1. Residues that are in contact (Cβ under 8 Å) with a residue 12 or more places away in the chain, surrounded by fewer than 16 Cβ atoms within 10 Å (Cβ to Cβ) and on the phi > 0 side of the Ramachandran plot: does region 161-180 have at least one?
2. Among the residues of region 337-354, are any basic (Lys, Arg) and within 18 Å of residue 414 (Cβ to Cβ)?
3. Which helices (runs of 4 or more DSSP H) sit wholly inside region 1-103 and have at least 1 residues that are modelled with pLDDT of 75 or more, among the small types (Gly, Ala, Ser) and exposed (fewer than 12 other Cβ atoms within 10 Å of the Cβ)?
4. Keeping to region 246-273, report how many residues are under 20 Å from the mean Cα position of the chain (by Cα) and within 26 Å of residue 312 (Cβ to Cβ).
5. Give the residues of region 364-373 that are assigned to a helix (DSSP H, G or I) and surrounded by fewer than 17 Cβ atoms within 10 Å (Cβ to Cβ), sorted by residue number.
6. Regarding residue 156, is this residue acidic (Asp, Glu), over 21 Å from the mean Cα position of the chain (by Cα) and surrounded by 13 or more Cβ atoms within 10 Å (Cβ to Cβ)?
7. With respect to residue 382, is the statement that it is hydrophobic (A, V, I, L, M, F, W, C), in a helix (DSSP H, G or I) and modelled with pLDDT of 75 or more true?
8. Would you mind finding the one in 243, 247 that is over 16 Å from residue 90 (Cα atoms), in the same structural domain as residue 107 (by TED's automatic domain parsing), modelled with pLDDT under 95 and acidic (Asp, Glu)?
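The values are calculated or read from the model by the stated rules, or taken from the named source; none is laboratory data. Fair warning: this is a prediction, and the values are worked out from it, not measured in the lab. Here the Cβ positions follow ideal geometry from the backbone for every residue, glycine too, while neighbour counts run over all protein chains shown.
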Amino acid sequence: MTDTPSGDLELILESARRLGVELDESEALQWLAAMAAGGDDQVVVDERAGVFGHKVTMLDFEPAELDRFRRIGSLVEIPDQPGMVETALALSGSAAQSKIQTYPGDCDFFERVNILADSLDEACQLLATILRDKALATRQGETYQLIEAKFGSYPEDLVHDGKERAAGTPISWAPDEIEAGYIDTFRRDGTAFRLEWGEAARDSGWVKLDWVVADPLRGQLANASNMLDVTWQAPDGSITPLDGYLDPYFQEVYLDAESIPIFSKLAKHVSADALDSYVEQLEGEVRKYLTKSPNYGKAAKRMYNVFRLTGRYQEAAYVRELFDEPATMLYQVWSLIRTLEDVAAGGHQIPPETLQRQADELILSVVQTLDGEDERELVRQLLALKTGLAEVNLGAGWSETVGAARDRVMVLVNEFFRDRLMAVASIEAYMREMSE
């Protein structure tokens with residue numbers, strides 16, 4: 001891009017107008033100016049809302065739904081234990097970009113968990129205890145249901161639930177397995193191998209908890225997750241990430257200003273080249289969603305973050321507007337179909353009327369967004385899904401019904417994002433580069 005923001009923006013505005021994407025020029029220029037503004041303060045605090053985060057992320061955060069996010073956060077968060085565990089809970093993903101993502105997908109949380117212990121082994125065992133306690137305490141209720149926990153890494157190639165799991169990949173624990181405290185697997189030669197929950201803490205890897213939550217005020221279901229970045233603080237004050245890497249803070253909005261001290265303490269240990277590493281990681285995901293697992297909606301979300309973090313603000317301004325288009329509601333529809341599938345698979349206690357209401361909302365969203373044959377086909381599939389939800393025992397055809405609706409929505413989402421991303425020459429060139 002050149003050094004003439006308004007000139008570059010005009011080229012993007014032309015593409016937006018041609019495709020019917022509503023991009024307000026004055027608003028876009030204001031955003032560009034805010035992004036380009038200098039200043040040494042990388043972390044800013046919204047004192048009125050009581051939240052804080054990286055200045056780039058805070059430009060996209062809308063505090064209007066803070067009460068809802070804090071309510072869900074109280075379910076998913078790991079609590080502090082004075083003198084032993086200190087935490088800082090944040091929103092991430094589309095929840096942290098609520099100003100631009102009118103139709104968000106999941107409720108993604110991120111939590112820094114710092115464990116104060118005399119030894120690394122003690123810290124690992126304390127993590128195993130607090131994580132299991134949290135999972136079991138929130139396993140199931142009228143408005144929530146635990147789906148799984150990711151904790152530990154497979155120590156060798158094993159077979160679990162009939163599927164091969166490669167050494168080093170994350171272990172996914174179902175609620176029953178968490179309660180039992182072990183997973184029975186097999187080696188390729190058929191010999192049994194038992195994975196113990198406590199042993200998983202020694203190589204904790206990617207630590208994450210996933211739930212389905214029913215919002216009683218909205219009458220809506222959502223997937224809620226909490227990804228933990230766990231560190232050990234030794235008696236000498238040194239900080240050690242349990243997974244070997246301290247995550248940067250470029251996409252989080254922290255929900256409690258009182259957690260600034262713990263955040264600041266940990267942020268000092270973030271690598272000096274964290275931004276470069278983070279962009280490299282995002283670009284790896286862009287490649288994945290453009291080639292191996294095509295999903296142009298997910299690719300667009302990651303491209304937006306790459307563009308805004310690397311100074312390609314004009315492209316970022318364009319992609320930013322795509323998430324405010326009515327057709328992107330289909331991304332939410334796709335996410336909610338997946339949520340219904342998770343609920344139905346888990347022996348839920350969520351009231352049937354909540355599930356039925358969610359199906360009605362999906363149908364209404366499709367009617368408002370689509371027309372013609374696309375609308376008729378998807379409404380037909382969603383009506384079948386709603387009928388399936390009314391059955392006490394979901395039959396084998398349930399998975400096929402859900403899969404058909406989910407796959408059709410993904411086709412439509414992919415078409416929407418692909419066509420609009422490819423319409424901007426500089427973005428098309430970037431996508432071509434990432435696909436090589």
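1. yes
2. Scanning region 337-354, I find at least one residue that is basic (Lys, Arg) and within 18 Å of residue 414 (Cβ to Cβ), so the answer is yes.
3. 66-76
4. Residues in region 246-273 being under 20 Å from the mean Cα position of the chain (by Cα) and within 26 Å of residue 312 (Cβ to Cβ): 7 in total.
5. So the first thing to find is which residues in region 364-373 are assigned to a helix (DSSP H, G or I), and the list is 364-369, 372-373.
364, 367, 368, 372, 373, listed by residue number.
6. So residue 156 does not fit the description; no.
7. Values: hydrophobic (A, V, I, L, M, F, W, C): yes; in a helix (DSSP H, G or I): yes; modelled with pLDDT of 75 or more: yes.
Taking the combined requirement at face value, the residue satisfies it.
8. After applying the criteria, what remains is 243.
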